[in-house]
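The values are calculated or read from the model by the stated rules, or taken from the named source; none is laboratory data. Because the structure is predicted, anything quoted here is derived from the model rather than measured. Methodologically, a virtual Cβ is constructed for each residue, glycine included, from the backbone with ideal geometry; neighbour enumeration extends over all protein chains shown.
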Amino acid sequence: MGLQAYLILSAVIFSIGLFGVMTRRNTVGILLGIELMLNAVNINLVAFARFNADVAGMVLTVFAICITVAEVSLGLALVILLFRTRRTALADHIDWLKG
Amino acid sequence: MTHLPILSIITWAPFVAALVIMAFGSTRPLLVRYAAAAGATISSIGAVWLAFAYDQGRAGYQFGEQLALVPSLGISYELAVDGISVVLVLLTAIIIFAGVFASWTVKTRSHEFYALLLLLVTGVFGVFVSLDLFVFFLFYEIAVLPMYLLIGIWGSSGEVPPKGVFGWAYRRTGVGTKEYAAMKLTLYLLFGSAFILVGILALYVAAGSTSFSFLALQNVKFAPGLQSWVFLAFYVGFGILAAIFPFHTWSPDGHASAPTAVSMLHAGVLMKLGAYGVVRLGMGLLPEGTHEWMWLVGGIACINIVWGALCAMSQTDLKYVVAYSSVSHMGVVMLGAATLTESGLNGAVFQMFAHGVMTGLFFALVGLVYEKAHSRDIFKMGGFATMMPGIAAAFTVGGLSSLGLPATSGFVAEFLTFLGAWASAHPWWLYPAVAGAFVTSLYVLRVVRAIFWGPKSTDPHFQNLPDAQGTEWVALVLLVFVIVLYGVVPSLAVNPIDTATVPLLVRLGVL
Amino acid sequence: MSAAPDLLVLTALLLPAGAFLLLAVVTPLRRSGRLGALVSVAAMLASFAAAVMAWRAFGAAEEPITRLWTWLPQQQSALASVGVLADEQSTVMLLLVTLVALLVQVYSLGYLADEPAPALGRYYMYQSLFAFSMMGLVLAPNFLQLFVCWELVGVCSYLLIGFWYRKASAARAAVKAFWTTKLGDVGLLIGIVLLWRLTGTFDFAELKTLATAGTIPVAGLGVITFCVYLGAAGKSAQFPLHIWLPDAMEGPTPVSALIHAATMVTAGVYLLTRTAFLFALTPDVLHIVAWVGAFTALMAAVLACVQSDIKRVLAYSTVSQLGYMMTAIGAGFASAGFLHLLTHGIFKALLFLGAGAVIHAVGTNDITRMGGLAKRMPQTAIVFIIGTLSLAGIPLFAGFASKEEVLGAVWAGGLTVPFFMLLTGAFLTAFYMLRVVILAFYGSDRPPAPVEHDAHGHGPAHDAPAVMTLPLWVLALAAMAIGIYFTLHHVEPEFVSPAWLTPVAVSVATAGILLAWLTYQRRTINEEQLASMFGPIRRAALAGFWVDDAFLFVYRLGVLAFSKVIGWTDRYLVDGVVNAVSAWTVMAGGGLRRVQTGRVQDYVVGVAVGVILLLWWLGGAQ
């Protein structure tokens, strides 16, 4: 057990998050999926830090959390703006950059 | 440099004129025209002086200029002329001089028109005089690219109802409009120049990546396998510009849709760039490749001659007749080159000159007729000689040169080619060539008769049409004079050409 | 005056060239009409004088003299030269050309007096160019210059036939003449090119030396001489390339007299005479020349019998006589053909100019609408009869001796069937010419000619003004002089004629005259019955033996239709491929474009798939 459990846990959470990103219609849902993926990565990093006794993992985790916070606020702001201008929060409808 | 950089002056004078026009000419149409005329005149005077000053006794490359551009790659600004280039520079000068005056009445955005035209001519001059392959290619591209804008903006559209197995393609691509013609011409020619670039780079690398200079590369013995495919690449690439069958279809639409001066330049000079490239780069640098592929060059040239003539016969649009006749006559050029004989190659270069002048005259006249009658339909017009005798006379002289009548330059060119054809490795080439000349006489005289002779047309559109006026006469008189002069005294051109073709053929091992 | 003959002929050659250049370049001179005409006539007069002097200076049967300039240079030695070659044949021919050209130009002053001045100037410009070109052809020292002048002469013919270019029929006739002769010229050009390759030279003198030394390889020479003959056949209107000559009558009559009787059409005969030494090496080709010539002579004579246009009768007559000349050459005796060329030039020009006087007077070409003109135009009638009797081959007139020699040559050459064809032709010649004379000038018991007054509406038809009748008399007197000289002063030809030849020939001609007189003057033989006796032949003759139709068919089907097919193929198949490639590219672009949906989630899927593939590939690499 040990490290493997955490890796499997984080892989599962990552997959759930990826699946959410790929299939959720609602933009906020996509953001949630992204959140899950980022946190899964954090779990991974912490697990490696703990089991390999390397503090670099912790440092990277803190980095990732900060960036996640910034990204989430930016993402939610975008969603709110989109809703205000286009009255929709569904990812399917946001295709104005199509080829 | 111990002498006046005459070649640079000839090459860049039109460019300077173009700059002046772009800077000051947008609101001053007269300044535009005077500047253009000045640029063309300087180049013309330079070219004529060059023709006289070229030392035929010494032969070889003369009036050389050199300026290292990128020494580490072996690129330098190297110019020089030999017998062939001298004649072709003179041709370009004559055509642009006539073309500037033939475009005097362009109305919309004339400053941009003249600027692009002069830029194009700079490119053409540059190709004929450059001895560095990189600079050669650079000028080549400069000669091609302005065509897109010139035809697309100032051209004229025709109507082609889509028919045939590929009719769906015609509807899709919008065949017949000037934008279509411009796009097709430019893309096709750039496609060809890709082949040329590959060939040039292959030779450069095979020679050790030291120099792009033509004279240096001439001394390198390339492997026969390399020569074989590089010659083919050059032949296809330059041949597309020289309108070889079956890569010629950009030419009829392009010429027909282009404005007068652009057609004059294009059919008169640019197509010769292609043939010049084959002779200079293909035959000049790759002897084994030449011998391997000459049967193909000659065979396709024969097809060109006959196919072009027959297609011209079937057209009802005047500009298309002249365009296809250009395709046919370029076949004579390529045939002369393919014969690998002194007469044949002399005939090929002479035909470049003779046909250039003749087709320049034709397109100038066609432009005039179109401007006055607003029609290109041959069989609707009739009896124009009564109203425009000057144009009729010039058209007849041009037509007679086209069918190779002695006392016009067309005869000398074709006759030398015929002699060369029979003396070549494939004597049967003579027969399609002569047949093509005969068919040419059929369609040319048919067109002349349909438009000019006969009773006056009763169509209300064609009443009281004026003859050529004012500056319009410049092009006509100049070109008719040149046609007759070189028909009666061909040695003026054959002498310098001969000094260049003999060493070339000696290098190829056939003389 | 003992100036060198070569300088004299050069002067004769260059004077009309100077007139042409003046008229071409100095537009006011040309537009002034009469002044330009006088310049041209003056140049021609001087040219004629020079030609006479040259002939006299050469009269002492010297060696040929040449004067050459390099024209096309090649590798330090001239590939081709231009210049003049003065020998017996060329100086005599020059005499004919300059004389007839001068007389025609003088005659035209009267005939074309009604033309607007610019048109008149244009006419004389073309006449001067023609004179120069024809002389250049006659004096040519090599094949190349001959060909150059050959084509120039053809262009002048084109320009002059189409002189009245507003007439659609004239424009068409001009083009037809050019195309038909060009078809022959293709042969000549091929022959010249092949000959150059075989022998290395264009020069007549050099070729003659090679031929007599026997160093020309005979293999392949047959093809060459046949090709050269093709060119001659086109210009000299041999079957089937004769179709352009009758239509060429659309041009003014003086043009017909000069070009289509005396000079240009004889160029073919002249060429064969010049190069007889080459043809002598290929007797098979000479056989063809003779047979085609005889057939042409007979066929054209038949065709002349059914024409009602006076100029067309004369045109077919010219075709027929050219056939005579060719047959003589084909029999191997080119000098006989050449002599007939010279005499024919004189009396045919006379006939044409006489016909022109008639046309000028009555305003129509149709002989069935003429009649009784002998009373009103006595001078014209006399000279016309002189010309007719010359053409028929009556003793004391010009054509007698030359026709005798032609017939004798053909018999001596062993060509029996052609001989009888020529004899029949002689009978028909006499017949149709007398028919014309009687219908136009006599026929007193027919109702008076509906055209009572001349074309100017000035009252009854009358003799032409002096400027037109003077050339007529000059030619008539020349014809008589030549006729009398040759009748009394019999020159020994190279062959032996049978004794019965002369009486037979003369009686055949007399029989033809008799038949015409009985049919048209005395009305003893009914015209209609005579015609119906030859019903089918007559019908065929009226249709020109369908040769014109055959050419038209080949042109329409073979050339026009075929070119339409090629044009279609080029636009819709060859270009179609290009357009198809372009259209496919656009369509492919349209298809691929749909991958870019604009939806973020689709792109995420793409990235995810790509990463998985990448990991798999990298993982596999380990």
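Just checking, does the stretch C:193-205 include any residue being crowded, with 19+ Cβ neighbours inside 10 Å and within 20 Å of C:Leu552 (Cα to Cα)? Scanning the stretch C:193-205 turns up no residue that is crowded, with 19+ Cβ neighbours inside 10 Å and within 20 Å of C:Leu552 (Cα to Cα).
Across the stretch A:87-99, the qualifying residues are those that are within 13 Å of chain C (Cβ to nearest Cβ) and free of Cβ contacts under 8 Å to residues at least 12 places away in the same chain, and the one among them that is surrounded by the fewest Cβ atoms within 10 Å (Cβ to Cβ) is A:Trp96.
Of everything in the stretch C:297-322 that's among the small types (Gly, Ala, Ser) and in a helix (DSSP H, G or I), which residue is farthest from C:Pro418 (Cα to Cα)? Checking each candidate, the answer is C:Ala315. The residue of the stretch B:123-160 that is nearest to the other protein chains (Cβ to nearest Cβ), among those that are closer than 30 Å to B:Pro5 by Cα and outside any helix (DSSP H, G or I), is B:Leu145.
Filtered by the rule that a residue be part of a helix (DSSP H, G or I) and either within 14 Å of another protein chain (Cβ to nearest Cβ) or of a type in the set (D, E, K, R) (or both), the stretch B:333-347 gives B:Leu335, B:Gly336, B:Glu342, B:Ser343, B:Gly344, B:Leu345, B:Asn346, B:Gly347. Where helices (runs of 4 or more DSSP H) sit wholly within the stretch C:533-622, those with at least 1 residues that are over 30 Å from A:Leu90 (Cα atoms) and touching a Phe, Trp or Tyr at 6+ places or on another chain (Cβ under 7 Å) occupy C:562-569, C:575-593. Only one of the numbered conditions (1) within 25 Å of C:Met264 (Cβ to Cβ); (2) at pLDDT 90 or above is violated by C:Leu35, and that is (1). Looking at C:Gly337, C:Gly371, C:Gly387, C:Gly356, just one residue is surrounded by 23 or more Cβ atoms within 10 Å (Cβ to Cβ) and in contact with a Pro (Cβ under 9 Å, 6 or more places away or on another chain), and that residue is C:Gly356.
Among the residues of the stretch B:94-111, those identified as of a type in the set (Val, Ile, Thr) and within 22 Å of the chain's Cα centre (by Cα) are B:Ile94, B:Ile95, B:Ile96, B:Val100. If the requirement is being within 14 Å of chain A (Cβ to nearest Cβ), over 38 Å from the mean Cα position of the chain (by Cα) and surrounded by 12 or more Cβ atoms within 10 Å (Cβ to Cβ), which of these qualifies: C:Val574, C:Val595, C:Val605? Of C:Val574, C:Val595, C:Val605, the one residue that is within 14 Å of chain A (Cβ to nearest Cβ), over 38 Å from the mean Cα position of the chain (by Cα) and surrounded by 12 or more Cβ atoms within 10 Å (Cβ to Cβ) is C:Val605. The single condition among (1) in contact with a Gly (Cβ under 8 Å, 6 or more places away or on another chain); (2) closer than 22 Å to B:Ala394 by Cβ that C:Gly154 does not meet is (1).
The C-beta contact set for the stretch C:378-406 (first residue touching a residue at least 12 places away in the same chain (Cβ under 8 Å) and farther than 16 Å from C:Leu314 by Cα, second residue polar (S, T, N, Q) and crowded, with 24+ Cβ neighbours inside 10 Å, distance under 8 angstrom, 6+ apart or interchain) comprises C:Phe397/C:Ser390; C:Ala398/C:Thr343; C:Ala398/C:Ser390; C:Phe400/C:Ser390; C:Ala401/C:Thr343; C:Ser402/C:Thr343; C:Val406/C:Thr327.
Cβ-Cβ distances below 7 Å connect the following pairs, each with a first residue in the stretch C:101-119 that is of a type in the set (Ser, Thr, Tyr), a second residue that is part of a loop (DSSP other than H, G, I, E, B), and a separation of six or more residues or different chains: C:Tyr111/C:Pro252.
Taking each residue of the stretch A:39-64 that is among the aromatic types (Phe, Trp, Tyr) and looking for partners that are buried (at least 17 other Cβ atoms within 10 Å of the Cβ) with beta-carbon atoms closer than 7 Å, six or more apart or interchain, yields A:Phe48/A:Gly57. Counted as qualifying within the stretch C:34-149 are the helices (runs of 4 or more DSSP H) with 3 or more residues that are among the hydroxyl-bearing types (Ser, Thr, Tyr) and either buried (at least 23 other Cβ atoms within 10 Å of the Cβ) or within 14 Å of chain B (Cβ to nearest Cβ) (or both), namely C:88-111, C:117-138.
Would you point out which residue out of C:Ser90, C:Ser108, C:Ser81, C:Ser133 is polar (S, T, N, Q) and in contact with a Phe, Trp or Tyr (Cβ under 6 Å, 6 or more places away or on another chain)?
Matching residue, one of C:Ser90, C:Ser108, C:Ser81, C:Ser133: C:Ser81.
Any residue that is in contact (Cβ under 8 Å) with a residue 12 or more places away in the chain, over 30 Å from C:Tyr442 (Cα atoms), of a type outside the set (A, V, I, L, M) and more than 14 Å from every other protein chain (Cβ to nearest Cβ) - is there at least one of those in the stretch C:533-544?
No, the conditions are met nowhere in the stretch C:533-544.
Only residues that are within 13 Å of another protein chain (Cβ to nearest Cβ) and over 17 Å from B:Gly254 (Cα atoms) were counted in the stretch B:301-320, giving 9.
Evaluated against (1) more than 11 Å from chain C (Cβ to nearest Cβ); (2) part of a loop (DSSP other than H, G, I, E, B), B:Gly454 falls short on exactly one condition, (1).
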